[in-house]
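Comments concern the structure below.
Laboratory data are not the source of any read-out in this text; all were calculated from the coordinates shown. None of the values given here were measured: they were computed from a predicted structure. Positions of Cβ are generated from backbone atoms using ideal geometry, with glycine treated the same way; all protein chains shown enter the neighbour counts.
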Amino acid sequence: MTTSLTIDNLDAEIIECLQAEADRRGVDVGAVAKQVLEEGLGPVTKGSAGPPYRDLKALAGTWSDEEAEAFLSIIADFDRIDEDMWK
C-alpha cells in the first residue's frame, strides 16, 4: 500500500536543495524526498515508533550567544599547535 504526502510551506532553499540533490542522484524531486525521509528515519519496522535517539540534534542551537562564546573561549587552546611536538 502506498500513500501520497503533501508538504506545505517548504522554504525556497529546501526546494532548491531537493532539486539539486535530485539532479545529482538522477531522480525526480519526489523520489529524492522519499529517499531523504527514509535515510533520516533509518530502519523502521511495523509497529516501531521510529529510530532510537542516536544524536544530539535536539540540543543544536539551544545555547545563547554568551554560552557559545564561553564554550569557544574554553576550547580555544585546542586550536593551538605545539610546534615543539612536530620537530
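Entry note, the chain: the mean residue ellipticity at 222 nm calculated from DSSP H runs of n ≥ 4, each adding -39500 (n - 2.57), is -13500 deg cm²/dmol after division by the residues and rounding to the nearest 500.
Relative to the longest principal axis of the Cα atoms of the chain, helix 12-25 runs at roughly 80 degrees. Taking the longest Cα principal axis of the chain as reference, the axis of helix 65-74 is set at about 50 degrees. In this Cβ point-charge picture (+1 for Lys and Arg, -1 for Asp and Glu), the chain has a dipole of about 780 debye about its Cα centre. I'd like the orientation of helix 29-41 relative to the chain: the angle between its Cα long axis and the longest Cα principal axis, in ° from 0 to 90, rounded to 10. Value to nearest ten degrees: 60. If each of residue 5 and residue 79 carries a label point 7 Å out from its Cα toward its Cβ, how far apart are those two points in nm? Label at residue 5, label at residue 79, 3.9 nm between them. With an a/c value of 1.5 or above and a/b larger than b/c for the gyration tensor axes a ≥ b ≥ c computed over the alpha-carbon atoms, the chain is described as prolate. The stretch between residue 15 and residue 39, if pulled fully straight at 0.36 nm per residue, gains 6.9 nm over its current Cα-Cα span.
For the chain, modelled as a Gaussian network with Cα springs under 10 Å, which listed residue fluctuates most, 72, 56, 37? Largest GNM mean-square fluctuation: 72. Averaged over residues, the count of other Cβ atoms within 10 Å places the peptides 24-30, 10-16, 79-85 in the sequence 24-30, 10-16, 79-85, highest first. Which one of 27, 14, 70 is farthest out on the positive end of the charge dipole of the chain, using unit charges on Cβ (Lys, Arg +1; Asp, Glu -1) and the Cα centre as origin? About the Cα centre, the residue reaching furthest to the positive side is 27.
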